[in-house]
Amino acid sequence: EDQVTQSPEALRLQEGESSSLNCSYTVSGLRGLFWYRQDPGKGPEFLFTLYSAGEEKEKERLKATLTKKESFLHITAPKPEDSATYLCAVTGGSNYKLTFGKGTLLTVNP
Amino acid sequence: DGGITQSPKYLFRKEGQNVTLSCEQNLNHDAMYWYRQDPGQGLRLIYYSQIVNDFQKGDIAEGYSVSREKKESFPLTVTSAQKNPTAFYLCASSILFPPGTNEKLFFGSGTQLSVL
């Protein structure tokens, strides 16, 4: 059974203080690892898809990386508007569905 | 703009009552999904549909029912058999099924269901 563990559960940063969120996964034959951003009371918004170890993708202050066991979402010089819950999900093998982690609640204080 | 519309935003259910959550998409996607989100929990799949007039149970289908009579619509009914229905419900779609191979899920804005 696919498993996704995100850490930390919550992270509080000062504006400009860079950090990383972790997503550890167990899946047979990774087909894709996804990062989503979710604002309170709204649906998740797609950020990145990573397919193979060593792959990296960037969008503004966010950079996602992937190894064979985990993915990191690096946040460089965050701003208060980056505050949200960040969700990680994987799909692999013949499994048709996405398995989601519980998310990391990021709060960036001005 | 293309997207997924869920309604209502908030819904209240009385004991013994069935309620229906609406999900409409204008993205021309074949596949649609319903997820349940509880505080501090990952999203869990309730039902999914690969194509019109076809749908399959997900991990937590008991107490729920769906229909897929039109490509753009995938309503979810929470029946009285669902004893703990309070949650945030998310509808999603993808171009094809299964997702994850060079594509992604698009989500609606969700419906918060509470029990009176």
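Rule-based calculations on the coordinates, nothing more; no lab input. Owing to the predicted nature of the structure, the values given are computational and were not obtained by experimental measurement. For neighbour counting, all protein chains shown are included, and Cβ atoms are generated from backbone atoms with ideal geometry for every residue, glycine included.
Could you work out the relative contact order of chain A? I mean the mean sequence separation of Cα pairs under 8 Å and 6+ apart, divided by the number of residues, in percent. Each step should come with its number before you reach the end.
Numbers: 286 pairs, mean separation 41.4, N = 110.
Computed value for chain A: 38 percent relative contact order.
From a point 7 Å beyond the Cα of B:V115 in the direction of its Cβ, which residues of segment B:16-30 have a backbone N at a distance under 15 Å? Of the residues in segment B:16-30, B:16-19 have backbone N under 15 Å from the label point off B:V115.
A:S19 to B:T20: FRET efficiency via 1/(1 + (r/R0)^6), r the Cβ-Cβ distance, R0 30 Å, to the nearest 0.05? Walk me through the intermediate numbers first.
Values: r = 42 Å, r/R0 = 1.41.
For R0 = 30 Å, the calculated efficiency reads 0.10.
Count Lys and Arg as plus one, Asp and Glu as minus one, and take only other residues whose Cβ is under 11 Å from that of B:N53; the net charge is then +1. Amide H contacts of B:R13: B:S114, B:V115, B:L116, each under 5 Å away and 5 or more positions distant or on a separate chain (H built 1.01 Å from N in the peptide plane; Pro and chain starts excluded). With a Förster radius of 41 Å applied to the C-beta separation of A:T76 and B:K83, the computed FRET efficiency comes to 0.35. For the peptide A:43-52, the mean number of other protein chain Cβ atoms found within 10 angstrom of a residue's Cβ is 4.
Between B:S73 and A:S28, what is the FRET efficiency for a Förster distance of 25 Å, r being their Cβ-Cβ separation, to the nearest 0.05?
Numbers: r = 34 Å, r/R0 = 1.38.
Computed FRET efficiency for B:S73 and A:S28 comes out at 0.15.
Look at the stretch B:26-36: the mean tally of other chain Cβ atoms within 10 Å of its residues' Cβ atoms is 1.
Counting beta carbons within 10 Å around each of A:E45, A:E1 and listing the fewest first gives the order A:E1, A:E45. The packing ranking of peptides A:84-90, B:80-86, highest mean first, is A:84-90, B:80-86, where packing means the average number of other beta carbon atoms within 10 angstrom of each residue. Highest average first, the peptides B:70-77, B:87-94 ordered by how many other beta carbon atoms sit within 10 Å of their residues are B:87-94, B:70-77. Contact order, relative form, for chain B: 35 percent (alpha carbon pairs under 8 Å, 6 or more residues apart, mean separation divided by residue count).
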